[in-house]
2 protein chains.
Amino acid sequence: VTAKRASKKDLPPDAEGILARGVIEIIPRDEFLDALRSGRKLRLKFGLDPSKPDLHIGHAVLLRKLRRLQELGHQVVLIVGDWTAQIGDPSGQSITRPMLTAEEVRANAETYMRQFFHVVDRERTEIRWQSEWFDNFTLADVVRLTSRFTVAQMLQRDDFRQRFDAQKPLGVHELLYPLLQAYDSVVIEADVEFGGSDQLFNLLVGRELQQDMGQRPQSCFVMRLLVGTDGAQKMSKSLGNTIDLEDPPGEQYGKVMSIPDSALLDYLELTTDIPDEELAFIRKQLEDRSVNPMEIKKRLAREIVAQFHGASAAQDAEAEFERVFQQGGTPEILWKDLPFAQLITIGISPAEVLSAKGAPVMAATLVAMATGISMSEARRLIEQGAVEIDGKRATKKIVNLKPGSTIRIGRHHFFRIVDASKSS
Amino acid sequence: VTAKRASKKDLPPDAEGILARGVIEIIPRDEFLDALRSGRKLRLKFGLDPSKPDLHIGHAVLLRKLRRLQELGHQVVLIVGDWTAQIGDPSGQSITRPMLTAEEVRANAETYMRQFFHVVDRERTEIRWQSEWFDNFTLADVVRLTSRFTVAQMLQRDDFRQRFDAQKPLGVHELLYPLLQAYDSVVIEADVEFGGSDQLFNLLVGRELQQDMGQRPQSCFVMRLLVGTDGAQKMSKSLGNTIDLEDPPGEQYGKVMSIPDSALLDYLELTTDIPDEELAFIRKQLEDRSVNPMEIKKRLAREIVAQFHGASAAQDAEAEFERVFQQGGTPEILWKDLPFAQLITIGISPAEVLSAKGAPVMAATLVAMATGISMSEARRLIEQGAVEIDGKRATKKIVNLKPGSTIRIGRHHFFRIVDASKSS
C-alpha cells in the first residue's frame, strides 16, 4: 500500500496540467492540492442528470478531466440523479422543467452511462443511485436537511434569485434540488465534486453541508463550458448546437468543420490532448495566417472523431468529407460566384447587390449552386425545412447574404460565404 | 337522517350570534353560510400545537366557538400537530424555535387535550395525529406537495417576509410548516378551519391546496385574539400575561381582577356568554360611570372561574378575594397615603414628590404599607423577586410611582395607586 503512495510533498507529475487546462477555479485550491499530495485515493463526485441522457462533447470536457484524475489513481463516484431528475433542476432555464417518471429516468440513465463510459474508466468508477438513500428518506430527514439552510442562502443562486426578483414562478420544491444534491456528497463522502460554471452554487452547498455535518468538506472543481457549434452560446441540446458523443463519425466530422474559426482554439484546448506547447504554436500560426484554419479544423475533427469512433473511422470521415465537400477544394462559396446576375434579371439593382449590407439571393439557387443538385431538388429540400441560412430555416423567398453567412443543408453539410477579395 | 336536516334556506337560529361575536372574518363568508344552511355535518378543523401545551383563556375564545358549533351538530376534527411541532412554527417570533422530540410532543399533547376538553365536547371530536399520514410521507410526497407552491407565495406570510427582508434567518424547513398544515386539511377533508388572526395565511394555504387537489375548499374562520392581563399585548405564555385554564380558582380570580378597565369589555365579549344586549347595557353603564368597574370585573372573574371550576368555586374565590384584598374596601392605595415623609427625610424634595412625573418611594415601605406585613418581611419578599412594580421586578432601590402604577406581590396579589383627588 505504501509503495503506491506518492511523496507527501510532491504533486503527481501530470497534476499541473490537469489542474490548469479548462479549469475556471478549484475552491479551495490549496485544500485540493493538499489532498492530491496526501496520496489518498480521492473520491471524485460527478452527478449524472438522467433528464438529459444525450452527452455531447461539451460534457466530455469534464469527463476527460475525470479520466485524467482516474489515471492518477483516484476513484470516480457517479451519482445517478434519479431523484433530482424527478424534481428537475431549472439551472439557467426560465421555465420549471416537467418531472420525469421513474421509468424515463431509468432508461435515460442507461443511455447516459453507455456514453459516459466512452470517456471515463468504468473500472475506477463506483455507480451510486440517489434512490439508495432517498427512497427511504423520511419527512424528518427532509426537515433536518432543510433546516440547515435559509431561504436567503438558496436565493443566492443566480437563476433562483433572477426568477424570484422577476416574479417568475420558483417552486418551493426547487429549493430542495441543491439540498438533495448536497446530501449526495455527504452520503458518498466526496472529496471533490465536478461541474461547469453553472453548477458552482450547487457544489458549494454540498461543501457547506458536509462541513455542517462534521465531514471533511469537498473541493469544488469548476470547469469551463464549451461553446456550441454556433460559436456563440454554450453547447446545449435545446439550442441545437451540439456535437453528440454518439453522432456517427461523418456527422461529428461535419459538425466540427462547421464551427467558426473564432471557436477553434477553445475546442482544441478543451476537447483534445494536444499539448499546451503545441496549442501555443497553433495559436501563433493562426494569428500570423501562416496556416489555413481549415487545416487546423480538419485536425480537430479527426481528433474528436478518433476519441469516440477510433482513428480509422476518423480517417474515413475525413476522406468522405473531402470527397463530398472539397471536390472544388473547399466547402466555401466565393462571394463573386454568387448568382447575382439571375437576381438582377428579377429586379434587383447592381447597386443593391454590391452594397455592404448584403446581397439578396434566391435560396434555391444558392443550394443548387453549393451542392450541384437540380433547382427542383433544391426547392424540395427547402420545402422540407432542411435548409438553414444564418441559423434561420430558409423559405422560398429571397434571402440576404453577406460574406461570412453560413448555409446548412441537412444535418451537417455546411457552407460558408467567403469574400473572394480576402481569400487565399 | 332527513329529519335532522334543517331547511336548506334557513340558518340555524343561533348562527347569527356565533358568526359575529369575536369573529374577525370568515373567508369566504357566503360559502360558509351556504355550508351551514346545507344541513351537512361540517368538519371543523382545529390544530393543536403541542409545543404550547398550556391553554389559557385566550385559546378558550376559539374553543368556545367550536363548542357552540358542536351544539349545532357539527364535528370538530382536532389535529394533533405532532409533526409541525417538531418543525416549529415561528409565527410572529423573531427566533426559530427549537425542534421538540417526539416524546415531548406526546406528553404535551396529552396535557393540551386534558385542557381542551374542559371546553370542547369530546363526544363530537375526532382526534387525528399528523403522524398518521406524515410518518410515512416519502420524499416524493414532499416534492409533490412543495411543487404546488412558489417561494414568493410563501413569502407573502407577514413574518416570513419580514424576517426575509430584515435578513434574519428563515430556514427552508420553515416553508414546509404551512404546507404540512395545509395537507392536514386535505387528509381530513376539512370544511372550515379555525385560527386567530395570526393564522390567516396558514388557513388560506390549506384552502388553496384543497382546491388545487380537486377538493371542496375549506372556509377560513378567523377569530380575534384576546389581550393579556396587561391589557396591552396579546395573551401569550412568553409574555407572562396569561390566565391559564388550569390555574386554581383563586389565581384565575385574582388575575382577572388585575386587568385594566380598558380591557374589560373585550374580556366580557370574548370569554363569557353574557348576551350581546346585556353587554351593550354594561358598556353604557361604564361610559356614564353609573357602575363601579370593580363590580363588573368581579362578575367577569366569577364567570371565568365558573367555566373552568364550577359556580361554587367561583363563589369561594370571590369570598377569599374580598377577605384578603377588600378588608379596607379596596385593593387600591391612595396617592395621598404614600409614605412621602420618609422619603423627604432621605433627601427628596417636596416639589419632586408632588411633580406630575411621579413620586419616589422605597419599594419595601410600599409593600409593608400595602399588605400590613413588617418592613423586614417586605424586604425578604423583594429579595425573593416576589414583587413587581409596573411590570418590573422591584429591587431594594427607590421606585418611581405615579397614580395608576400597579404593584404585584406574589403571583396574584395586585394593588393599584389611585389619586385621592379623583377617586370616589
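Numbers below:
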read-out: Residue list for segment A:10-26, restricted to those being assigned to a loop (DSSP other than H, G, I, E, B) and surrounded by 14 or more Cβ atoms within 10 Å (Cβ to Cβ); value: A:Leu11, A:Pro12, A:Arg21, A:Gly22
read-out: B:Ala232 vs. criteria within 11 Å of another protein chain (Cβ to nearest Cβ) and more than 22 Å from A:Glu174 (Cβ to Cβ); value: no
read-out: Residue check for A:Asp261: surrounded by fewer than 20 Cβ atoms within 10 Å (Cβ to Cβ) and within 18 Å of A:Ile304 (Cα to Cα); value: yes
read-out: Selection within segment B:73-129 - within 14 Å of chain A (Cβ to nearest Cβ) and at pLDDT 95 or above; value: B:Trp129
read-out: Some residue of segment B:197-205 being more than 8 Å from chain A (Cβ to nearest Cβ), out of contact with any helix residue (DSSP H, G or I) (no Cβ under 9 Å at 6 or more places or on another chain) and of a type in the set (Ser, Thr, Tyr); value: yes
read-out: Members of segment A:125-147 found to be crowded, with 18+ Cβ neighbours inside 10 Å and more than 13 Å from A:Val80 (Cβ to Cβ), listed by number; value: A:Phe137, A:Leu139, A:Val142, A:Val143, A:Leu145, A:Thr146
read-out: Filter result (crowded, with 22+ Cβ neighbours inside 10 Å and more than 17 Å from B:Val61 (Cα to Cα)) within segment B:244-254; value: B:Pro249, B:Tyr253, B:Gly254
read-out: Search result, residues across segment A:209-243 that are touching a Leu at 6+ places or on another chain (Cβ under 7 Å) and surrounded by 16 or more Cβ atoms within 10 Å (Cβ to Cβ); value: A:Cys220, A:Val222, A:Met223, A:Arg224, A:Leu226, A:Gly228, A:Lys234, A:Met235
read-out: Selected residue (criterion: farthest from the other protein chains (Cβ to nearest Cβ)) from residues of segment A:133-184 that are within 22 Å of A:Gln218 (Cα to Cα), among the charged types (D, E, K, R) and in contact (Cβ under 8 Å) with a residue 40 or more places away in the chain; value: A:Asp158
read-out: Test: B:Ala263 is touching a Gly at 6+ places or on another chain (Cβ under 6 Å), within 20 Å of B:Arg224 (Cα to Cα) and aliphatic (A, V, I, L, M); value: yes
read-out: Among residues of segment B:111-170, those that are of a type in the set (Asp, Glu) and at positive phi, counted; value: 0
read-out: Residue in segment A:208-219 that is within 8 Å of chain B (Cβ to nearest Cβ) and within 25 Å of B:Thr150 (Cβ to Cβ) present; value: no
read-out: Complete set of residues in segment B:27-48 that are surrounded by fewer than 19 Cβ atoms within 10 Å (Cβ to Cβ) and either in contact with a Phe, Trp or Tyr (Cβ under 8 Å, 6 or more places away or on another chain) or small (Gly, Ala, Ser) (or both); value: B:Ala35, B:Ser38, B:Gly39
read-out: Residues of segment B:148-173 classified as crowded, with 16+ Cβ neighbours inside 10 Å, more than 17 Å from A:Phe164 (Cα to Cα) and of a type in the set (D, E, K, R), total; value: 1
read-out: Unmet requirement for A:Arg224, which otherwise passes all of (1) within 14 Å of chain B (Cβ to nearest Cβ); (2) touching a strand residue (DSSP E or B) at 6+ places or on another chain (Cβ under 6 Å); value: (1)
read-out: Elements of type helices (runs of 4 or more DSSP H) contained in segment A:157-268, each with 2 or more residues being among the charged types (D, E, K, R) and over 14 Å from the mean Cα position of the chain (by Cα); value: A:158-165, A:172-188, A:200-212
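The values are calculated or read from the model by the stated rules, or taken from the named source; none is laboratory data. Predicted, not measured: the structure shown is a model, and the values here were computed from it. Methodologically, a virtual Cβ is constructed for each residue, glycine included, from the backbone with ideal geometry; neighbour enumeration extends over all protein chains shown.
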